[in-house]
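Okay, so here's the structure we're looking at.
The values are calculated or read from the model by the stated rules, or taken from the named source; none is laboratory data. No experiment lies behind these values; they were computed from the predicted model shown. Cβ: placed from backbone, ideal geometry, glycine included. Neighbour counts: every protein chain shown.
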Amino acid sequence: MTLFPAEATQREIARELYAHARDLPLISPHGHVDPALLANDESFPDPARLFVVPDHYVTRMLASQGIPPARLGVPSVDGSEVETDGRAIWRLLASNWHLFRGTPSRLWTEKVFAEVFGVEKRLSAETADEIYDELSARLAEPAYRPRALFTRFNIEVLATTESPIDDLSVHAKLAADGWGGPGGRVITTFRPDNLVDMEWAGWAGRVATLGELTGRDVGTYPGFLAALRARREVFVAAGATSSDHGHPTAVTLNLSDADAAVLYRKGLGGAADAKDAEAFRAHMLVEFARMSLDDGLVMQLHPGSVRNHNRALHARHGRDVGGDIPSATEYVQALRPLLDAHGDDPRLRIVLYTLDETAFTRELAPLAGGYPALYLGAPWWFLDSPEGLRRFRETVTESAGFYNTAGFVDDTRAFCSIPARHDVARRVDAGFLARLVAEGRLPLDEAAETIADLAYHLPKKVFRLDGSA
Amino acid sequence: MTLFPAEATQREIARELYAHARDLPLISPHGHVDPALLANDESFPDPARLFVVPDHYVTRMLASQGIPPARLGVPSVDGSEVETDGRAIWRLLASNWHLFRGTPSRLWTEKVFAEVFGVEKRLSAETADEIYDELSARLAEPAYRPRALFTRFNIEVLATTESPIDDLSVHAKLAADGWGGPGGRVITTFRPDNLVDMEWAGWAGRVATLGELTGRDVGTYPGFLAALRARREVFVAAGATSSDHGHPTAVTLNLSDADAAVLYRKGLGGAADAKDAEAFRAHMLVEFARMSLDDGLVMQLHPGSVRNHNRALHARHGRDVGGDIPSATEYVQALRPLLDAHGDDPRLRIVLYTLDETAFTRELAPLAGGYPALYLGAPWWFLDSPEGLRRFRETVTESAGFYNTAGFVDDTRAFCSIPARHDVARRVDAGFLARLVAEGRLPLDEAAETIADLAYHLPKKVFRLDGSA
Amino acid sequence: MTLFPAEATQREIARELYAHARDLPLISPHGHVDPALLANDESFPDPARLFVVPDHYVTRMLASQGIPPARLGVPSVDGSEVETDGRAIWRLLASNWHLFRGTPSRLWTEKVFAEVFGVEKRLSAETADEIYDELSARLAEPAYRPRALFTRFNIEVLATTESPIDDLSVHAKLAADGWGGPGGRVITTFRPDNLVDMEWAGWAGRVATLGELTGRDVGTYPGFLAALRARREVFVAAGATSSDHGHPTAVTLNLSDADAAVLYRKGLGGAADAKDAEAFRAHMLVEFARMSLDDGLVMQLHPGSVRNHNRALHARHGRDVGGDIPSATEYVQALRPLLDAHGDDPRLRIVLYTLDETAFTRELAPLAGGYPALYLGAPWWFLDSPEGLRRFRETVTESAGFYNTAGFVDDTRAFCSIPARHDVARRVDAGFLARLVAEGRLPLDEAAETIADLAYHLPKKVFRLDGSA
């Protein structure tokens, strides 16, 4: 896999540019790796549990061709039986490997096989057992334990994602081991979605937990805000430099304290309807922006996913198993209350993501190219792929430039795929920059500086991982 | 015309891949050829009546530059006069041939001239008569009669499209001649739009005809469903393997029998409003899905066309003459009722089309890559072109792979253009796959297998033309 | 900068095609150059006031990285102080020049430096003063005064944009000098937005001015229409061949005279709400179409910009300083009233622009490829860039061809950048056509004819600059 343009002039330039980025450390400011993995540093289980079971990119593709997630070992929440034999799961993957032709999952997986595990053989029904055995043998070796891989992967910093009511004990262990804490290798991210979304089952209970954890009176809206502020302090002390907000839409709202308090009371009283819940979520984004002005956390906004679209899948296997679907997302009117309030304040940093590519030239690049507070996050989820990354640069750069983008974010649960994902992004950026150079749109030396900025310096700076305030 | 990438590496690979698809038989599971053409097997009329009059791609482009369809011989429905001299029509086309630069109509037409008729001369005001005469001479020969061309075109199966109240007598003649029936060369498709769209003038009358044809009491909703089921049986017996549904939107609705019956009665009583009509159409899609579970017909959904947008054109020349315009189409919420009910059932096959490309990465590829029942149909109508076909693969493959797509569908009224259209699709797919190979994203042998699947094996399988249930 | 495809075959063809367009005169039928510039023909002020202060592409990018427009000399409307030292402003630009990597602003500026001023050095903090001094020296020379540059730029005709209540005295001076008037080098465009938008502060006052200027009774709706017609006559006499309409949406409405009069009265009485204002704007587009049938002015529609999105910026610096943001724009239903009334009339010419690229394949190309009155305007504003221009051809050509597009429109305030902008468009079109030639989709000789049409003959004809009616 080179991913470089096939055309010789650009290919040579891309190769040269890529050399400026290839060996730079990985900055992973947003992702969903379980921090316990690195805190406990135990060997990974079998290959199926590493590559198939937890990766919904993989299980959803197999499901789309009629292989139920239960046969792939995806844990059930309804008590129904699921496959537990790793080798059986692996064989299902192998004999359906053709389904992944042309997908990033295939690219990432083959890169991990080759570059992490030294397995160059192509996966197929015939090679399934042999590869399974080879991978299993490697996984048993100490060099394949998480911390060893972390070091070998040249990851400088990895952020995980926790709810404000997470006690951060796992991160405390990491800090105690010299792996966590401010400026550490593994840090947390403040993700308050399940405390601001009244429609999420169990909301009031989680708010109560927040009160217990902080000793604040969360029976009132000011107490709720104070409790969140208190947890942000704890997150900052654990190394967090950003918050993350995954809302159905990008809608923001700047309510008066009194109006916000009314919604909050309705929510606690079980009287909030969908409109109230939307308004509360929207308003809380502006509250979090205000908190960011105080504590410096970079705000990440991830709107536009219809969660649990596949209801049968959700009923059987729960959340985050491949049943979410993107939808059209409006930003220009939606963000206006937030931008009116704080969009011109350069102390604030908001990193915007989208699952709706149509917003890139029409809304997001013009917004990021106009407001000091805004940065564009890397293509995310369904768009985190060679074509998606290429289109991102092609549609964003002319209005926003490179320096209103925030660098690559792997956003993954799959620890072993992190270097592969960053490498794909670096190669695609090299190809894009090579085209600019070949067409006489950018001098080579500036392109070389740019690719290093995109790969390393820019995400480090935008996510405040360089120690700056 | 090679349509292959100009760059030498990819061009060589594309050429090699194309060789794996070039001579495969044509599977044409969806189109609008008049079956009488093949049943009667008479010579085509003059070149204007073959290439201009019935092809609204051609007449609309000329109309857009001020040449009224009447001067192009398009039949009128208001009694106004239209040109009848084929040669005069032909000269108008020829002297405006520059309007078609860069359009697929030009590609297809020139391919047909060259490859079907052996005419290599470029069309222009100067060559108009000469080409007209050459084409006319060929059309008079027996080798240019429809069945001879069908065989020469290497079409394995061609599906036409009929309303449930069509008596299928033309298909019966084809069957009697050894050309039709289940597994035959020419089959029908069940297209019930004019029976489920209460807003389509004459609806109640067509429902009455349906009752007569089936002997069911269509005065009640259960009787209406029974009558449709009866016609599906007849269509299946005539070889149909799919149904087709061309709705204004993708909205589906899963009503109770009682609620559906209320809408049906309102419709028959002339009391249904636009909202009722939309609800009834939406609900009937779920009913048809249920029928498909029983009889195996593959469902095709073609939403998003605003029919008869050009009202003056519609008033003078009727339907299907180039006056329809696409519009934005939402799928994620719209399809939810249908997918909640049957989306995870691998026995069901729904082939989704769009005229709104923005849905490809945002909605359609994620949906097709997640639900067992869903397949993505080929780029359709305004998108059935080199650029449209290329963007389809670029935007769909990474989330849905190749095997959640349903293969190429020519969707044409223009019989002679069928091989040209399939050839364009095969060449564009070869170019796309060549890029994947050249960038190290897919091994050559898998790309070769894939192109044969896309061109032949996959449409045959997805549309159940391989005899499978 | 070649902007041609890097691949050798296409590059050679592009170079050859470009040669057919390179030296053709510039047709600039739509833009925002201040006509006083050419009427007075005074030397340009310093480089900062030429390249930075008035160019909101430049100031917004710098603002997005925290450099307030006041530090860039952008005039304030609230009395706050702004930088006045040209050299200080210039140094800010120079030391942030990396922000413009990959943007069209950088391309245009470097082209102007090199081709207009002979400055080949790269801008940076180090070279800032030297380049400032060189540019300043050039600007003091007579050869760098506006009329001299106009001639050197080979501009055949430049249209500026004026409100109906502009007295056109500047254009009268141009005419007196042999530079303006019908068929002249500098002409005006009729832009009535501030007279049809009741929501624009001061509307009633401007309507009163219109009454005074024309001697019509603008207290009544018929009088208002008569006054507008009178001003159109004056504009036509000053050389105008087109009108321009920048509305928030593309919505049109064909009201009865009585209903329109009601809205008008409400507006004058201060009783119109947002819905009334929208309806009045929408209806006036149909009125202007009717006027165009009489006086031949080509109608330009520029919908889809949310004006003054950045409220803080607007409060401090006023309109047109980079605070506008595009938004999603619907055309198919919105234009229907206008198209129903006059869309099939080939005497009418409507040039449609968009800031929403998603409309190109889905709505705009099908509309322009079907209605005689419609032409597609060039990619505009945020899309007026190499990638935007390329995507325009890729998404529009297959349904609308080349001849339903209206040629390039530079739309600029930045006089010196006009040749650079046209040259970029010619190069990108050469590259697109070269691909068609290389892929066997268009013969070379027709591509050569096409590029000359796109660059020169087509805009001249569509905008009625060839003296035709």
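Summary of computed values
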item: Unmet criterion (only one of (1) in a helix (DSSP H, G or I); (2) more than 24 Å from C:TYR353 (Cα to Cα); (3) not aromatic (Phe, Trp, Tyr)) for C:LEU228; result: (2)
item: Matching residues in the stretch C:249-278 - criterion: being closer than 25 Å to C:ARG349 by Cβ and in contact with a helix residue (DSSP H, G or I) (Cβ under 8 Å, 6 or more places away or on another chain); result: C:THR249, C:VAL251, C:THR252, C:LEU253, C:ASN254, C:LEU255, C:ASP257, C:ALA260
item: Number of positions in the stretch B:379-411 that are on the phi > 0 side of the Ramachandran plot, modelled with pLDDT under 95 and not acidic (Asp, Glu); result: 2
item: Residue ID - nearest to the other protein chains (Cβ to nearest Cβ), chosen from residues in the stretch A:434-465 that are under 14 Å from A:TYR375 (Cβ atoms) and touching an Asp or Glu at 6+ places or on another chain (Cβ under 7 Å); result: A:LEU454
item: Top-ranked residue in the stretch C:330-355 [being within 18 Å of the chain's Cα centre (by Cα) and of a type in the set (Ser, Thr, Tyr); ranked as nearest to A:PRO366 (Cα to Cα)]; result: C:THR354
item: Qualifying residue in the stretch C:97-110 (condition: under 16 Å from C:ALA414 (Cβ atoms) and charged (D, E, K, R)); result: yes
item: Leading residue by the ranking (nearest to B:GLU363 (Cα to Cα)) among those in the stretch A:309-327 that are of a type outside the set (Val, Ile, Thr) and without any contact (Cβ under 8 Å) to a residue 40 or more places away in the chain; result: A:SER327
item: Residues that are under 18 Å from A:ALA400 (Cβ atoms) and away from chain A (no Cβ under 13 Å), drawn from the stretch C:88-118; result: C:LEU93
item: Test result for B:ALA172, part of a helix (DSSP H, G or I) and either crowded, with 21+ Cβ neighbours inside 10 Å or touching a residue at least 24 places away in the same chain (Cβ under 8 Å) (or both); result: yes
item: Residue match in the stretch C:239-253 (condition: at negative phi, without any contact (Cβ under 8 Å) to a residue 40 or more places away in the chain and assigned by TED's automatic domain parsing to the domain that holds C:LEU158); result: no
item: Selected residue (only one of C:PRO45, C:PRO54, C:PRO29 is over 18 Å from the mean Cα position of the chain (by Cα) and either surrounded by fewer than 21 Cβ atoms within 10 Å (Cβ to Cβ) or not polar (S, T, N, Q) (or both)); result: C:PRO45
item: Single unsatisfied condition, C:GLU134 versus (1) more than 25 Å from C:LEU26 (Cβ to Cβ); (2) in contact (Cβ under 8 Å) with a residue 24 or more places away in the chain; result: (2)
item: The lone exception for B:SER468 - which of (1) among the hydroxyl-bearing types (Ser, Thr, Tyr); (2) more than 11 Å from chain A (Cβ to nearest Cβ); (3) under 21 Å from the mean Cα position of the chain (by Cα) it fails; result: (3)
item: Test: residue in the stretch C:273-292 that is more than 24 Å from A:PHE360 (Cβ to Cβ), small (Gly, Ala, Ser), out of contact with any Phe, Trp or Tyr (no Cβ under 9 Å at 6 or more places or on another chain) and free of Cβ contacts under 8 Å to residues at least 12 places away in the same chain; result: no
item: Lone unmet requirement of (1) in a loop (DSSP other than H, G, I, E, B); (2) among the acidic types (Asp, Glu); (3) not assigned by TED's automatic domain parsing to the domain that holds C:GLY388 for C:ASP166; result: (3)
item: Per-region count, the stretch C:65-87, residues within 14 Å of chain A (Cβ to nearest Cβ) and without any contact (Cβ under 8 Å) to a residue 12 or more places away in the chain; result: 2
item: Filtered residues of the stretch A:383-406 (kept if surrounded by fewer than 24 Cβ atoms within 10 Å (Cβ to Cβ), in contact with a helix residue (DSSP H, G or I) (Cβ under 6 Å, 6 or more places away or on another chain) and of a type in the set (Gly, Ala, Ser)); result: none
item: Checking C:LYS121 against (1) more than 14 Å from every other protein chain (Cβ to nearest Cβ); (2) among the charged types (D, E, K, R); (3) part of a loop (DSSP other than H, G, I, E, B), the condition it does not meet; result: (1)
item: Condition check for B:GLU126: more than 12 Å from chain C (Cβ to nearest Cβ) and either touching a residue at least 24 places away in the same chain (Cβ under 8 Å) or outside any helix (DSSP H, G or I) (or both); result: yes
item: Some residue of the stretch A:379-393 being within 14 Å of chain C (Cβ to nearest Cβ) and small (Gly, Ala, Ser); result: no
